[in-house]
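K.L.:
Before we start, here is the structure in question, set down as structure tokens.
The values are calculated or read from the model by the stated rules, or taken from the named source; none is laboratory data. Because the structure is predicted, anything quoted here is derived from the model rather than measured. Cβ atoms come from the backbone with ideal geometry, glycine included; neighbour counts cover every protein chain shown. Quick note on the areas: whole protein, heavy atoms, side chains included, nothing else; ligands and nucleic acids left out. Shrake-Rupley method; radii C 1.70, N 1.55, O 1.52, S 1.80 Å.
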Amino acid sequence: MPNPAENHFAIAAASAEDIVMLGEWAHEESWNPGLTDGRVFFPTDPGGFLIGRLDGVPVTSVSVVRYGPDHGFLGFYLTRPHLRGQGYGLRTWQAGTARLAGRTVGLDGVPDQQDNYRRSGFRTCWSNARYEGTPPPDIAPPPGTTLVDARSVPFARLAAYDRRFFPAPRDGFLASWITAPGRTALAAVRDGELHGLAVVRECRAASRIGPLYAASPQVAAALVSALAATVPDGPVAIDVPDLNPAAVRLAGELGLTPSFDTARMYTGPQPVIDRDGYYGITSLELG
């Protein structure tokens, strides 16, 4: 086994072009990232993406995005397959977690890494199952509820609503997330109040819906059905948190089947969020 000390290995902040490469790496892991996710991820925290290079060649990565003064989210923790087990990934991990020192940090961990994350101080707060398939068309929202383009809703209201489901302000991320190319964002409105928000984005495989927030299963079902109708071909996928049993039931009722598992893990106390309205996470990489 090669000794990492025998080669020149350096870790530095990623460039915008590197984020496109990370999308390809994530695709190879079957994570199915969005086609335009990089346009949203990079400006959220330009210094929050690290690349490890061995003799100048990119071989490791981690994203360590800062939200607000005391929160962070870790993702894109990857080592090229032929170099795993040689210490390069661990060194990249250490550099990344140092950037988030003193913050509560979240991540969505795949099963084969969860024990490693626990040894680093993370604990499982809930599990996510990715459900895929084609939901029934034309599911109507409850009486009095209307689905509108989320971009037509005053942004301050959208940001305040998102804050119920994510433990830190992330206005810049959310603004980019709902307006980036290749996606549709819908809001559910009743009596002038937000009762739901969801976004679908084009991906390399099934188009993914996330976030999916809703005041009831009926609102969530209508949002999923309407967003799926905007996807020209193929199924949709939703990463469903098991802390909301109604969300898990709804995925089955819509004819979606589980295909992929992760665990939402945090250092520090589990964040307090609106569990009953949380039907689908936004992304594995940035929370």
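K.L.:
Would you call Gln270 in contact with a Pro (Cβ under 8 Å, 6 or more places away or on another chain), farther than 15 Å from Leu158 by Cβ and touching a residue at least 60 places away in the same chain (Cβ under 8 Å)?
P.N.:
Answer is no for this residue.
K.L.:
Note down all Cβ pairs under 6 Å where the first residue falls in region 106-132 and is closer than 13 Å to Thr262 by Cα, the second is part of a strand (DSSP E or B) and of a type in the set (Lys, Arg), and they're at least six residues apart or on different chains.
P.N.:
Here the result reads Asp108/Arg264; Cys125/Arg264; Trp126/Arg264, each pair linking region 106-132 to a residue that is part of a strand (DSSP E or B) and of a type in the set (Lys, Arg).
K.L.:
Also, quick follow-up: Please state which one of Ala246, Ala228, Ala185 is farther than 22 Å from Gly72 by Cα, among the hydrophobic types (A, V, I, L, M, F, W, C) and in contact (Cβ under 8 Å) with a residue 40 or more places away in the chain.
P.N.:
Going through Ala246, Ala228, Ala185 in turn, just one is farther than 22 Å from Gly72 by Cα, among the hydrophobic types (A, V, I, L, M, F, W, C) and in contact (Cβ under 8 Å) with a residue 40 or more places away in the chain: Ala228.
K.L.:
Condition first: among the hydrophobic types (A, V, I, L, M, F, W, C) and open to solvent by 50 Å² or more (accessible area, probe 1.4 Å). Now tell me which residues in region 92-115 satisfy that.
P.N.:
Selection gives Ala98, Ala101.
K.L.:
While we're on this one: Within region 116-155, restricting attention to residues that are small (Gly, Ala, Ser) and in contact with a Phe, Trp or Tyr (Cβ under 9 Å, 6 or more places away or on another chain), which residue is most open to solvent (accessible area, probe 1.4 Å)?
P.N.:
Ser120
K.L.:
Taking the options Leu35, Leu83, name whichever one is surrounded by 15 or more Cβ atoms within 10 Å (Cβ to Cβ), more than 24 Å from Tyr117 (Cα to Cα) and touching a helix residue (DSSP H, G or I) at 6+ places or on another chain (Cβ under 9 Å).
P.N.:
Leu35
K.L.:
Tell me, which residue of region 156-206 that is in a loop (DSSP other than H, G, I, E, B) and over 25 Å from Leu243 (Cα atoms) is least open to solvent (accessible area, probe 1.4 Å)?
P.N.:
The qualifying residue least open to solvent (accessible area, probe 1.4 Å) is Ala180.
K.L.:
Oh, and also: I'm checking my understanding of the structure. Among residues of region 38-59 that are of a type in the set (A, V, I, L, M, F, W, C) and not in a strand (DSSP E or B), which one is most open to solvent (accessible area, probe 1.4 Å)?
P.N.:
Phe42
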